[in-house]
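Participant: Got a structure here, written out as structure tokens. Questions coming.
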Amino acid sequence: MAGAVVYPIGVSHMRILIIVLALVQFLLAGFTSAVGGFADGGEIWERAVLMGIHPMAAIGLLVMAFVPGLKPAGLQIVRGLLVINIIADLVLAALIYGGVSRGDWWLPLIFSVIPAIGLGYSFGKKAR
């Protein structure tokens, strides 16, 4: 087939997309975690989400993206991290929207988009 892209065994368009998204999420989480450590204000639970949950979920997403033969237990751990990340962001957005915390309510939702895509991908991924 002329012009067809041939990938190594086990690599698909979706896996390449997940690898790119995982790298973006890792860089975004790392940068915001570093900046958040120097920022004034914010409660301890907000910092825990920003400096703890986001980076751990980003690392889990990287592992899932780069390890094709991830064991079932490893896949469950990654799913758990992604679910915790998504829930934490939804709760944080609701608290900001409700006036309990300061900030832009839509910002935590942006941080949950890539983990949500990764979670969907994880259910289509076969553990070995």
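Participant: Looking at VAL91, is it open to solvent by 50 Å² or more (accessible area, probe 1.4 Å), in contact with a Pro (Cβ under 9 Å, 6 or more places away or on another chain) and of a type in the set (Val, Ile, Thr)?
Facilitator: Numbers: open to solvent by 50 Å² or more (accessible area, probe 1.4 Å): yes; in contact with a Pro (Cβ under 9 Å, 6 or more places away or on another chain): yes; of a type in the set (Val, Ile, Thr): yes.
So VAL91 passes the test.
Participant: Residues being of a type in the set (Gly, Ala, Ser), part of a helix (DSSP H, G or I) and either over 10 Å from ASN85 (Cβ atoms) or open to solvent by less than 20 Å² (accessible area, probe 1.4 Å) (or both): count how many of those fall in region 96-122.
Facilitator: Residues flagged as of a type in the set (Gly, Ala, Ser), part of a helix (DSSP H, G or I) and either over 10 Å from ASN85 (Cβ atoms) or open to solvent by less than 20 Å² (accessible area, probe 1.4 Å) (or both) within region 96-122 amount to 3.
The values are calculated or read from the model by the stated rules, or taken from the named source; none is laboratory data. For clarity, every value in this text was computed on a predicted model and none was experimentally measured. Note that each Cβ is placed from the backbone with ideal geometry, even for glycine, and that neighbours are counted across all protein chains shown. Accessible surface areas use protein heavy atoms only, side chains included; no ligands, DNA or RNA. Shrake-Rupley method; radii C 1.70, N 1.55, O 1.52, S 1.80 Å.
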